[in-house]
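Asker: After the structure tokens below, expect a handful of questions from me.
The values are calculated or read from the model by the stated rules, or taken from the named source; none is laboratory data. Everything quoted here is computed from the prediction, not taken from an experiment. Cβ: placed from backbone, ideal geometry, glycine included. Neighbour counts: every protein chain shown.
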């Protein structure tokens, strides 16, 4: 009988060796953790790529070869020499020593074993890899998921020959299957299941398939779908349409038609019964299962390996700061297969060394997604610093869903253990270019002296492709002490290619920090006390909180904002360092605040899908979705006590002028203490607008006490102090000191500063405030009606609103704002306006009905020209170009009529028939892409949607709402945020 690319037989030696079955979730860590990764992480983050050679199922090492079938064939040939009567053999990787045997004809066995060799280690035997190959090979072709347990032990010599051969008589076949533990019915089932993929090569079996009868590449398949796992091996045989070379053709006269001999041995009863697809799949899963569970005496298989619901990776403690603190980093994998709600946030609720619960959890940050043949996963990384005297002993994983509910994964009630008795010190360890491995470890208290254990791969004997593993142990020598820890070190020399695969660990008594790869170590060791490398990062200054909804009006975070085409998480963190929260949106936008707006609720992580403009490896929200972070270094601001003064609280400005008129200063280093010193000769002082300081001997008329929350601006020179707000002062009176500093009245202390509108969504920007006085500049002289600029007509000082901008097409904010610079920035637009000293706005029309205000309302000096005024809070100096401006428009599209500006939303798209995102989008490009669809529309400047009908309700909006210009043609409108420029096909 031929056992070609898809041929299998299976056996079971003894029931006592089969001590597993369908099991509950396994407890971490387990001896099969490495095999679990190999089997279930086949794509994306941390992929082991074990399925690559068999994906797709038709893939092979050469034309006419199918790797998935060779995976199955290798497992059968390794197992088929088992003998239940003499109690030896089974799936034990003895085939490694049998490649030259007549039982194993053809290159498929060697190719398969060479594929498995990189995965072979002290944690995963070659026999277990052969078993895992059955799951991977069958599943990649669409067959049933074969459950696999671990624990097989590799043979050290060849087993006796005895693989079934095509020339055998039916009596011989039956005896061979009885030898491996299966009756005649099961024999037929095995052969059918084994031949559902693959076929026969004439180069290996010319008596079965002579060259004259062979197809392309000297290969004929055993059914009509050689690279699809299905039941056609049975249905085609029973119907008489089979082309199986082991049933018909030259194999009959050569007495090599073994499939016919086997199938017909019970008058085709069994093969006929296998025809229904469900029956075929169920029977074959059982047969495959039995095959991989034929194991030699003394082997006990583990429970079936299933994907963990939650699995930690690379948990690493690192002794820092002279032994006073511990860095703790790692990654958490969450299985997301068939979750009813997407994962929104993952945190670690942990216990300290004594077992006491710590109230503040450890936050994580999404680090990627992975896939398996049947599963999906999300990964979350973390890095934090813990006090060494408290440390950590275990943690549970808290998963918050997009609906707001949460679940706790506690590792079957055991928690995920962390042992701080012995710690591998990555920063102090290294691998030199010459192969010298130096390893440092920190041992706590009276733990026993540690040792270094190194496992390396050495070439096997001649002709044996699987390497040999060897283990070396070295005592570690005492180095320095650090707090409660003693440092030790040891060295080991790696030769040749050992460094690329060497695994090491440090051990002390029953504790260890193990399974470290030598190849990732730096070439030079760092002295103790230096910062750890990126592989063991120090505590991050921010912690990911999840993906949240942002309505835009109001903003999720409204205190401050910026935008840049180089935006990264780190950039936004630095910009928002004065605030408790920051978030990133639409790839390039950064928002800051001390509290989240009530309208902002947590959503699934997949909602935040846009890559950061400055780092494509990071995620920066999406449309109306903000990637939210917490500033872990944040200190809540207060209105501080000043010795010799009473803190009066927050006051309004006077009704007829300033509340304090005795003295004034302003600078970018302002804080409450600085102002107190400046006003030391006065009875009162107050801080305002973040950087202004006023003094006086009396509080002028109209200035009254107001809510503490009104004074919400942070001091420019000290973000832990409040310095008033617009027309609000933190007021102090000379006299006895107050008892305590005054904290923020509310966590939502966000300034009502000017808002910057970008071409993607509304964002806020810090406003530079200077004294409320101005004079004319030489570059932009003032006239009786206001300032002037060549080429522009001054329109006046006009009102503006945060929630409804007067000029909203384009904006910027900087420290060099002048009329000329703003005009240059707004080149091509009919209007420009300057506001809040440093902000510049552009537009082709005045939107949202602004009114003309008093010229004195526009009183803030321009950040780039102190002699010119640039608006104020909610006040714009507006200029109109005298040039003829060609306005953007909604172009005519043949066969279509422009239907107006329509509402849309991320969660309920109105057109769902097709989607295209293109940074060079035009209306014409979208029309072509949608290929005569009834409707098409453009949105967000670069998105195109198509549909035959509206999938969700929509409302016609004002044309001014669709103000984004197309990325590929600035003379065309392409919708806006949640606004679609819509076209409908003519009747």
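Asker: So which residues in region 962-987 are touching a residue at least 24 places away in the same chain (Cβ under 8 Å), outside any strand (DSSP E or B) and surrounded by fewer than 20 Cβ atoms within 10 Å (Cβ to Cβ)?
Answerer: The answer is 968, 978, 986.
Asker: Give the residues of region 465-520 that are on the phi < 0 side of the Ramachandran plot, outside any strand (DSSP E or B) and touching a helix residue (DSSP H, G or I) at 6+ places or on another chain (Cβ under 9 Å), sorted by residue number.
Answerer: So in region 465-520, the residues on the phi < 0 side of the Ramachandran plot come out as 465-482, 484-495, 497-508, 510-514, 516-520.
Checking which are outside any strand (DSSP E or B) leaves us with 465-467, 476, 484, 494-495, 497-502, 510, 518-520.
Within region 465-520, 465, 466, 467, 484, 494, 498, 499, 500, 501, 502, 518, 519 meet the criteria.
Asker: Something else now. Output the residue which, of all residues in region 916-930 that are touching a residue at least 12 places away in the same chain (Cβ under 8 Å) and exposed (fewer than 15 other Cβ atoms within 10 Å of the Cβ), is nearest to residue 548 (Cα to Cα).
Answerer: 917
Asker: Shifting gears a bit: Restricting attention to region 803-815, report how many residues are over 20 Å from residue 854 (Cβ atoms) and touching a strand residue (DSSP E or B) at 6+ places or on another chain (Cβ under 9 Å). Quick ask: steps written out before the conclusion?
Answerer: Of region 803-815, the ones over 20 Å from residue 854 (Cβ atoms) are 803-805, 808-815.
Filter again for touching a strand residue (DSSP E or B) at 6+ places or on another chain (Cβ under 9 Å), leaving 803, 805, 808-814.
Result for region 803-815: 9.
Asker: Run down 443, 418 and say which single residue is surrounded by 19 or more Cβ atoms within 10 Å (Cβ to Cβ), farther than 20 Å from residue 330 by Cβ and touching a residue at least 40 places away in the same chain (Cβ under 8 Å).
Answerer: Residue meeting the stated conditions: 443.
Asker: What residue, of 115, 81, is under 30 Å from residue 310 (Cα atoms) and not in a strand (DSSP E or B)? Can you show your working first?
Answerer: Numbers: 81 fails: under 30 Å from residue 310 (Cα atoms).
That would be 115, the only listed residue that is under 30 Å from residue 310 (Cα atoms) and not in a strand (DSSP E or B).
Asker: While we're on this one: On the given criteria, is residue 360 under 27 Å from the mean Cα position of the chain (by Cα) and crowded, with 17+ Cβ neighbours inside 10 Å?
Answerer: Against the criterion (under 27 Å from the mean Cα position of the chain (by Cα) and crowded, with 17+ Cβ neighbours inside 10 Å), residue 360 does not qualify.
Asker: I'd like to know if region 450-459 contains one or more residues that are at pLDDT below 95, out of contact with any strand residue (DSSP E or B) (no Cβ under 7 Å at 6 or more places or on another chain) and either over 24 Å from residue 308 (Cβ atoms) or crowded, with 21+ Cβ neighbours inside 10 Å (or both).
Answerer: Among the residues of region 450-459, at least one is at pLDDT below 95, out of contact with any strand residue (DSSP E or B) (no Cβ under 7 Å at 6 or more places or on another chain) and either over 24 Å from residue 308 (Cβ atoms) or crowded, with 21+ Cβ neighbours inside 10 Å (or both), which makes the answer yes.
Asker: Next question, about the same structure. Only strands (runs of 3 or more DSSP E) wholly contained in region 603-668 count here; list those with 3 or more residues that are assigned by TED's automatic domain parsing to the domain that holds residue 586.
Answerer: Output list reads 615-619, 625-631.
Asker: Sticking with this structure for a sec: Looking at the structure I just gave you, is residue 925 at pLDDT 90 or above and not in a loop (DSSP other than H, G, I, E, B)? Before you say what the answer is, go through the steps one by one.
Answerer: Details: at pLDDT 90 or above: yes; not in a loop (DSSP other than H, G, I, E, B): yes.
Yes.
Asker: Scan (1) within 31 Å of the chain's Cα centre (by Cα); (2) at positive phi for the single condition residue 414 breaks and write down its number.
Answerer: (2)
Asker: For the list (1) within 28 Å of the chain's Cα centre (by Cα); (2) more than 30 Å from residue 836 (Cα to Cα); (3) modelled with pLDDT of 90 or more; (4) crowded, with 18+ Cβ neighbours inside 10 Å, I need the number of the one condition that residue 545 fails.
Answerer: Exception for residue 545: condition (3).
Asker: Inspect region 805-815 for any residue being under 17 Å from residue 862 (Cα atoms), modelled with pLDDT of 90 or more and crowded, with 23+ Cβ neighbours inside 10 Å and give the result as yes or no.
Answerer: Looking through region 805-815, none of the residues is under 17 Å from residue 862 (Cα atoms), modelled with pLDDT of 90 or more and crowded, with 23+ Cβ neighbours inside 10 Å.
Asker: Could I ask something else about it? Looking only at strands (runs of 3 or more DSSP E) that lie completely in region 328-447, which have at least 1 residues being touching a helix residue (DSSP H, G or I) at 6+ places or on another chain (Cβ under 8 Å)? Reasoning before the result, please.
Answerer: On the way: elements: 343-351, 365-371, 376-387, 394-401, 406-409, 422-424, 436-444.
Answer list for region 328-447: 343-351, 365-371, 376-387, 436-444.
Asker: Oh, and also: Need the failing condition index for residue 568 against (1) in contact with a strand residue (DSSP E or B) (Cβ under 7 Å, 6 or more places away or on another chain); (2) within 27 Å of residue 406 (Cβ to Cβ); (3) surrounded by fewer than 24 Cβ atoms within 10 Å (Cβ to Cβ); (4) at pLDDT 90 or above, just the number.
Answerer: Just one mismatch for residue 568, condition (2).
Asker: Here is a follow-up. Looking at region 787-802, which of its residues are assigned to a loop (DSSP other than H, G, I, E, B), in contact with a strand residue (DSSP E or B) (Cβ under 8 Å, 6 or more places away or on another chain) and closer than 22 Å to residue 559 by Cα?
Answerer: Within region 787-802, 800, 802 qualify.
Asker: A follow-up question, please. Taking into account only those residues within region 709-721 that are part of a strand (DSSP E or B) and out of contact with any helix residue (DSSP H, G or I) (no Cβ under 8 Å at 6 or more places or on another chain), which is surrounded by the fewest Cβ atoms within 10 Å (Cβ to Cβ)? Outline the logic, then answer.
Answerer: Initially, region 709-721 is screened for residues part of a strand (DSSP E or B), giving 714-715, 718-721.
If we keep only those that are out of contact with any helix residue (DSSP H, G or I) (no Cβ under 8 Å at 6 or more places or on another chain) too, we end up with 714, 719-720.
Working: 714: 22, 719: 17, 720: 15.
Here the answer is 720.
Asker: Could you tell me whether residue 74 is modelled with pLDDT of 95 or more, within 35 Å of the chain's Cα centre (by Cα) and either over 19 Å from residue 464 (Cα atoms) or assigned by TED's automatic domain parsing to the domain that holds residue 143 (or both)?
Answerer: Details: modelled with pLDDT of 95 or more: yes; within 35 Å of the chain's Cα centre (by Cα): no; either over 19 Å from residue 464 (Cα atoms) or assigned by TED's automatic domain parsing to the domain that holds residue 143 (or both): yes.
Answer is no for this residue.
Asker: Then there is this: Please determine whether any residue of region 113-126 is within 16 Å of residue 82 (Cβ to Cβ), modelled with pLDDT of 95 or more and in contact with a helix residue (DSSP H, G or I) (Cβ under 9 Å, 6 or more places away or on another chain).
Answerer: Checking region 113-126: not a single residue is within 16 Å of residue 82 (Cβ to Cβ), modelled with pLDDT of 95 or more and in contact with a helix residue (DSSP H, G or I) (Cβ under 9 Å, 6 or more places away or on another chain).
Asker: If the Cβ limit is 8 Å and pairs must be 6+ apart or interchain, which residue in region 311-339 that is buried (at least 21 other Cβ atoms within 10 Å of the Cβ) pairs with which residue that is assigned to a helix (DSSP H, G or I) and at pLDDT 95 or above?
Answerer: Close Cβ pairs satisfying both conditions: 311/33; 311/36.
Asker: So which of 190, 173, 205 ends up being surrounded by 24 or more Cβ atoms within 10 Å (Cβ to Cβ) and either touching a strand residue (DSSP E or B) at 6+ places or on another chain (Cβ under 6 Å) or assigned by TED's automatic domain parsing to the domain that holds residue 265 (or both)?
Answerer: 190
Asker: Still on this model: Residue 769: under 16 Å from residue 869 (Cβ atoms) and either modelled with pLDDT under 90 or part of a loop (DSSP other than H, G, I, E, B) (or both), yes or no? Outline the logic, then answer.
Answerer: Working: under 16 Å from residue 869 (Cβ atoms): yes; either modelled with pLDDT under 90 or part of a loop (DSSP other than H, G, I, E, B) (or both): yes.
For residue 769, the condition - under 16 Å from residue 869 (Cβ atoms) and either modelled with pLDDT under 90 or part of a loop (DSSP other than H, G, I, E, B) (or both) - is met.
Asker: Does region 584-601 hold any residues that are in a strand (DSSP E or B) and under 17 Å from the mean Cα position of the chain (by Cα), and which are they?
Answerer: 584, 585
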